[in-house]
Amino acid sequence: MHLGAIDLAIIVTYVVATLVLGFWIAKRASRSLRSYFLGGNELPWYLLGISNASGMFDISGTMWLVYLLFVYGLKSIWIPWLWPVFNQIFLMVFLSVWLRRSGVMTGAEWIKFRFGEGRGAHLAHIIVVVFALFNVIGFLAYAFIGIGKFAATFLPWQLSTNAVTNANLWGILITSLTALYVIKGGMYSVVFTEVLQAALKTVACIWVAIIAIQRVSPEMIAAAVPAGWHSPWFGRTLDIDWSHLVPSANTQILNDGWTLFSAFFMMTLFKGVLLSLAGPAPNYDMQRVLSTKTPKEAAKMSGFVTVVLMVPRFMLVAGLTVLALVFFSKQVNAMGSKFDFELILPLTLRSFIPTGLLGLLIAALLAAFMATYSATVNAAPAYIVNDIYKRYLRPDADQKTYVRMSYVTSVAVVVIGTGLGFFVGTINNIVQWIVTALYGGYAAANVLKWYWWRFNSYGYFWGMASGILGSMLVPELFPHIAPIFAFPIILVASLIGCIVGSLTTKPDDMQVLKQFYLKTRPWGFWRPVHDALVLEQPGVVANTDFARDMVNVVVGTAWQTAQVALGIFIVLQDWRACAICGAIILVGTIVLKVNWYDKLQDYPVDVVRTNAVPAEAASVRAAPDATPAVL
């Protein structure tokens, strides 16, 4: 493909600016491990929110979303619940506050806060590091596949005459450039470059949406899609038939295994709620929460992600999709039943975007890749250096040594993730393995750790170990089952490990449990710990906010989903649907302002009175009418 001088200038300027910015602020990151991994807890919540949103706006995921909207129409707004996308609402409402109250640096360090220092706690600590590395390496492979496909389709230079090799070589080149500034600059580089990238991506999203609106009318879209494509609602089956328009799309639906869409939706919802209750996986999302200044700012940061991300991203997705539907469907049919729908995004850009905007879009999508990749790379060494090297090998080393080890481990995980990307094949394969199989092994143990006092460190170890093993074996033993329907099998295996491991061993140290409960104050099954704590500190009150939190989760999920749909309906020029989405967003915002935002607090008031938390808690505001819960 030929790129004009303006396009090339924009791309080169963006890449150089990103690298220069990353290295320019690297000195601040090298002061200590906390500066490297968490930005010294000095970064404003809104910058962290923009950074987190930018990290989630990745090129591989955007290619996947374009393919989903093309094939599944408006019903595709439910498919991202596979992640689940609404986990940000659970974080916003209560889990970010609980997590940030710990004051730790990583998810593995949080295990010590929850389970203490015994042998079981060490086993739990090790298994969460293992999971974190599986998770990070999986996401690095996912990003590598996406950027390789994108660059090989899009950029004008052929690094190899073999298509697969060409894509892999581009993937290696771009991931190497991205790794340079991340490894050097840590969280500071990640956040400030991602804020730059977020601005670039937002401009590109709006510009593409305007082009799509100008070039494609609602009547043209209606002629290019089957009945049911415009509706987000569904019955027992998907009820979208592409036979007379793009037959290969029907083949793709069969391959995905989502024809029984009601069953798929219910399983996605069930899995999504469980994973959301478990809290963030040990990756870049958790690092942003732990990087905030206070628990209240952690909650605001998580809420801001939805505001920054959803509407512009889905305007881009919808713009590229409708251009492809109207102008590219004949080419898709010409390529036959083996057409790779994940290539719709780069092929559409190549065919329909004018000079100038093309360079900006390539830069924006490179930014999308670099944001996610950089955030993921930054998360990995935190576990290896802070939770293995520092804790078990060299606890007395100086800060400079730990930072240098972070450089080495970052390079190592990049190499391993890239190597895995050579063998995975498609974005959809790695997405479905991560969000169903791997997270199926994560869910049970990480739900119970928050809500059940008797769940101990041995239960966590055996639950996670059996879950990770299940995520490896179940897809191999049941290759013909759609990954989402393998989730319950892996979940049950992990749950058995959790229950048996906990009930056949002693409870964790009550002093550790009391400290965790006092500072975090979760709701759930904590009665024995609460009663023991009240004997020492009669003023301690239980968390009675379960009902309010669940109402806010439901309202927040509707509020978030309406923003996803709004971005699509704007491009489809369905102004009635836009008005409905706008009304849902407005009502949701008012309810969340009154029922969530106005009631945020850093720490429970009784904790502040006992001086059991850092000075930041002095700003806490009492929740009205706090009364003990029935536990």
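May I ask you to verify whether residue 523 is assigned to a loop (DSSP other than H, G, I, E, B) and at pLDDT 95 or above? Considered against the rule, which asks whether it is assigned to a loop (DSSP other than H, G, I, E, B) and at pLDDT 95 or above, residue 523 comes out as yes. Using beta carbons and a limit of 6 Å, which pairs, at least six apart or on different chains, have the first residue in region 143-156 and assigned to a helix (DSSP H, G or I) and surrounded by 24 or more Cβ atoms within 10 Å (Cβ to Cβ) and the second one among the polar types (S, T, N, Q) and at pLDDT below 70? From residues that are assigned to a helix (DSSP H, G or I) and surrounded by 24 or more Cβ atoms within 10 Å (Cβ to Cβ), the pairs are 143/372.
Residues that are out of contact with any strand residue (DSSP E or B) (no Cβ under 6 Å at 6 or more places or on another chain) and in a helix (DSSP H, G or I): does region 99-106 have at least one? Checked region 99-106: at least one residue is out of contact with any strand residue (DSSP E or B) (no Cβ under 6 Å at 6 or more places or on another chain) and in a helix (DSSP H, G or I).
Listed by first and then second residue, the pairs linking a residue in region 104-116 that is in contact (Cβ under 8 Å) with a residue 40 or more places away in the chain to a residue that is among the hydroxyl-bearing types (Ser, Thr, Tyr) and part of a loop (DSSP other than H, G, I, E, B), with Cβ atoms under 9 Å apart and 6 or more places separating them unless they lie on different chains, are 109/102; 113/102; 114/102. Out of the residues in region 429-461 meeting the condition of being among the polar types (S, T, N, Q) and buried (at least 23 other Cβ atoms within 10 Å of the Cβ), tell me which one is modelled with the lowest pLDDT. My answer is 436. Residues in region 462-482 that are open to solvent by less than 40 Å² (accessible area, probe 1.4 Å) and assigned to a helix (DSSP H, G or I): 463, 464, 465, 466, 467, 468, 470, 471, 474. Per the listing 351, 337, the residue uniquely modelled with pLDDT under 95, open to solvent by 20 Å² or more (accessible area, probe 1.4 Å) and either touching a Gly at 6+ places or on another chain (Cβ under 8 Å) or part of a helix (DSSP H, G or I) (or both) is 351. Total residues in region 533-559 satisfying the condition of being at pLDDT 95 or above and in contact with a Leu (Cβ under 8 Å, 6 or more places away or on another chain): the figure is 4.
Could you grab me the full set of residues in region 519-531 that are among the hydrophobic types (A, V, I, L, M, F, W, C) and surrounded by fewer than 16 Cβ atoms within 10 Å (Cβ to Cβ)? Answer for region 519-531, where residues must be among the hydrophobic types (A, V, I, L, M, F, W, C) and surrounded by fewer than 16 Cβ atoms within 10 Å (Cβ to Cβ): just 525. The set of residues from region 35-53 being at pLDDT 80 or above and among the polar types (S, T, N, Q) comprises 51, 52. As a summary of the residue check, residue 288 satisfies the conditions (1) in contact (Cβ under 8 Å) with a residue 60 or more places away in the chain; (2) of a type in the set (Lys, Arg); (3) surrounded by fewer than 24 Cβ atoms within 10 Å (Cβ to Cβ) except for the one numbered (3). Only helices (runs of 4 or more DSSP H) whose full extent lies in region 198-290 are considered here, and the ones with at least 2 residues that are over 28 Å from the mean Cα position of the chain (by Cα) are 218-224, 247-256. Flag set for residue 78, criterion: under 19 Å from the mean Cα position of the chain (by Cα), aromatic (Phe, Trp, Tyr) and open to solvent by 10 Å² or more (accessible area, probe 1.4 Å).
Please indicate, with yes or no, whether at least one residue in region 114-121 is over 23 Å from the mean Cα position of the chain (by Cα) and among the hydrophobic types (A, V, I, L, M, F, W, C). The answer is yes, given that some residue of region 114-121 is over 23 Å from the mean Cα position of the chain (by Cα) and among the hydrophobic types (A, V, I, L, M, F, W, C).
The residues of region 229-284 that are open to solvent by 20 Å² or more (accessible area, probe 1.4 Å) and acidic (Asp, Glu), listed by number, are 239, 241.
Filtered by the rule that a residue be in contact (Cβ under 8 Å) with a residue 60 or more places away in the chain and not aromatic (Phe, Trp, Tyr), region 455-470 gives 456, 457, 464, 465, 468.
The values are calculated or read from the model by the stated rules, or taken from the named source; none is laboratory data. Bear in mind the structure is a predicted one, so any value in this text is a computation, not a measurement. Cβ: placed from backbone, ideal geometry, glycine included. Neighbour counts: every protein chain shown. Surface areas here come from the heavy atoms of the whole protein model, side chains and all, with no ligands, DNA or RNA. Shrake-Rupley method; radii C 1.70, N 1.55, O 1.52, S 1.80 Å.
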